[in-house]
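Below is one structure, written out as structure tokens; comments come after it.
Quick note: the coordinates plus some simple rules give every number you see, no bench work behind them. Please read all numbers here as calculations on a predicted model, not as lab measurements. Glycine also receives a Cβ, built like all others from the backbone with ideal geometry; neighbour counts cover every protein chain displayed.
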Amino acid sequence: MDITEKNFKEKVIKKSNEKPILVDFWAEWCGPCRSLTPVLEKLSEERSDFILAKVDVEKHGKLAGEYEVMSIPSVKLFKGGSIIAEFIGSKSEAEVNAFLDKNL
């Protein structure tokens, strides 16, 4: 699910009261982002305990600034309208699964 400034509050903040939302802040030119994206997409298809959302920081820099994204990929887990956990950089499938298991 692609997220914009216009729909962030509804699609991430409000929706995270129903189900955790994992937000991937990324950019097309970012090599580590390109290696992390397939991992996140695979896990979002295999697992039913979170929803994956993506924010292109080039198009939506205001959101990146608001959520203090200093480096990408930056992945933030929202639950109950707040960030409950996050990580920066590319991770393996096992590492992302461990992150999700620990925080969901």
Matching residues, segment 67-76, being out of contact with any Ser or Thr (no Cβ under 9 Å at 6 or more places or on another chain) and surrounded by 14 or more Cβ atoms within 10 Å (Cβ to Cβ): Val69, Ile72, Ser74, Val75, Lys76
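Residues checked against (1) under 18 Å from Asn97 (Cα atoms); (2) in contact with a His (Cβ under 6 Å, 6 or more places away or on another chain); (3) aliphatic (A, V, I, L, M):
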site: Val12; (1), (2), (3): no, no, yes
site: Ile21; (1), (2), (3): yes, no, yes
site: Glu41; (1), (2), (3): yes, no, no
site: Glu66; (1), (2), (3): no, no, no
site: Ser71; (1), (2), (3): no, no, no
Qualifying residue in segment 9-26 (condition: surrounded by 20 or more Cβ atoms within 10 Å (Cβ to Cβ) and more than 17 Å from Pro73 (Cα to Cα)): yes
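Quick check, is Ser90 over 19 Å from Met1 (Cβ atoms), touching a residue at least 40 places away in the same chain (Cβ under 8 Å) and either surrounded by 14 or more Cβ atoms within 10 Å (Cβ to Cβ) or in contact with a strand residue (DSSP E or B) (Cβ under 8 Å, 6 or more places away or on another chain) (or both)? Working first, answer last.
Details: over 19 Å from Met1 (Cβ atoms): yes; touching a residue at least 40 places away in the same chain (Cβ under 8 Å): yes; either surrounded by 14 or more Cβ atoms within 10 Å (Cβ to Cβ) or in contact with a strand residue (DSSP E or B) (Cβ under 8 Å, 6 or more places away or on another chain) (or both): yes.
Against the criterion (over 19 Å from Met1 (Cβ atoms), touching a residue at least 40 places away in the same chain (Cβ under 8 Å) and either surrounded by 14 or more Cβ atoms within 10 Å (Cβ to Cβ) or in contact with a strand residue (DSSP E or B) (Cβ under 8 Å, 6 or more places away or on another chain) (or both)), Ser90 qualifies.
Any residue that is among the hydroxyl-bearing types (Ser, Thr, Tyr), touching a Ser or Thr at 6+ places or on another chain (Cβ under 7 Å) and within 26 Å of Glu5 (Cβ to Cβ) - is there at least one of those in segment 33-40?
Just the residues of segment 33-40 that are among the hydroxyl-bearing types (Ser, Thr, Tyr), to begin with: 35, 37.
Pick out the ones that are also touching a Ser or Thr at 6+ places or on another chain (Cβ under 7 Å) and you get 35.
Filter again for within 26 Å of Glu5 (Cβ to Cβ), leaving none.
No, segment 33-40 has no match at all.
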Residue list for segment 47-66, restricted to those being within 19 Å of Lys19 (Cβ to Cβ) and surrounded by 14 or more Cβ atoms within 10 Å (Cβ to Cβ): Arg47, Phe50, Ile51, Leu52, Ala53, Lys54, Val55
